[in-house]
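Colleague: Before I ask anything, here is the structure I am working with.
A short reminder: the numbers here are calculations on the coordinates, not readings from a lab. From a predicted model like this one, the values you see are computed outputs, not experimental measurements. Note that we place each Cβ from the backbone using ideal geometry, even for glycine, and neighbour counts take in every protein chain shown.
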């Protein structure tokens, strides 16, 4: 009976440190291999590079649209731009006209 109590006491004393090691190991594994861990940084860097390229493309498109909107402003609209937009949006092309796309 004394050996059983000694074994039980040893297990009880070792249980809390063992549980603490399991919890710390769990957090450490997530810190290294988790979805936001150290191993995911390479993927984040790759995604960041792709997003920067996409952002540059969208900013160029935005600048083009801003320029077109300035040309179409009600205060001083560019007649050629207005004519181009009306013809392309409404399909107002005479049968004797030839359309040469510039793009």
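Matching residues to (1) in contact with a helix residue (DSSP H, G or I) (Cβ under 7 Å, 6 or more places away or on another chain); (2) surrounded by 10 or more Cβ atoms within 10 Å (Cβ to Cβ):
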{"site": "14", "(1), (2)": "no, yes"}
{"site": "20", "(1), (2)": "no, yes"}
{"site": "25", "(1), (2)": "no, yes"}
{"site": "32", "(1), (2)": "yes, yes"}
{"site": "76", "(1), (2)": "no, no"}
{"site": "82", "(1), (2)": "no, yes"}
{"site": "93", "(1), (2)": "yes, yes"}
{"site": "99", "(1), (2)": "no, no"}
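Colleague: Could you grab me the full set of residues in region 34-74 that are in a helix (DSSP H, G or I) and in contact with a helix residue (DSSP H, G or I) (Cβ under 8 Å, 6 or more places away or on another chain)? Steps first, answer last, please.
Modeller: Taking region 34-74 as the starting set, the residues that turn out to be in a helix (DSSP H, G or I) are 38-71.
Across region 34-74, the qualifying residues are 38, 39, 68, 71.
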